[in-house]
Amino acid sequence: MSRNLTNPYADAYVQTSVQEASPHRLIHMLMEGFLGRVAAAKGAIERGDIALKGESITKAIAIVGGLDDCLDMEKGGELASNLRALYVYMGERLLDANIKNDVAILDEVSRLMREIKSGWESIPEEFRNGVSA
């Protein structure tokens, strides 16, 4: 089966998951998607699959853009501002990784996202509904 074919059952599951997810869960899903795309890019570099590397990094950059779009700069204050700067940095590093085929850069952005994700997951349950950074 070609990797370009989609699985309609998986697509339906993802669509349902997104529709039913809380805002907190949606951000979590974006972070997980980012980590998956970066891992795919790393594997693609190691295998010499330049097309998959470019596609995976492009999707990771789009996810970082989506996370940035979710920031509420008015309510989020300094935290949102710091996250925005970090997302911009990560996007730039992903471009560098794409140009240089550098897995060390991919490891760096994965580590950064895992740290952000860890903080996100530590938000107490009572603050998760309607939360925005």
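Here the average projected area of the convex hull drawn through the C-alpha atoms of region 22-97 stands at 4.9 nm².
Each 5 Å bin from zero holds the following percent of Cα-Cα pairs in region 76-117: 7, 24, 27, 22, 12, 6, 3, 0.
Any read-out appearing in this document is the output of simple, stated calculations on the displayed coordinates, not a laboratory observation. Note that the structure is predicted; figures quoted are calculated from it, not measured.
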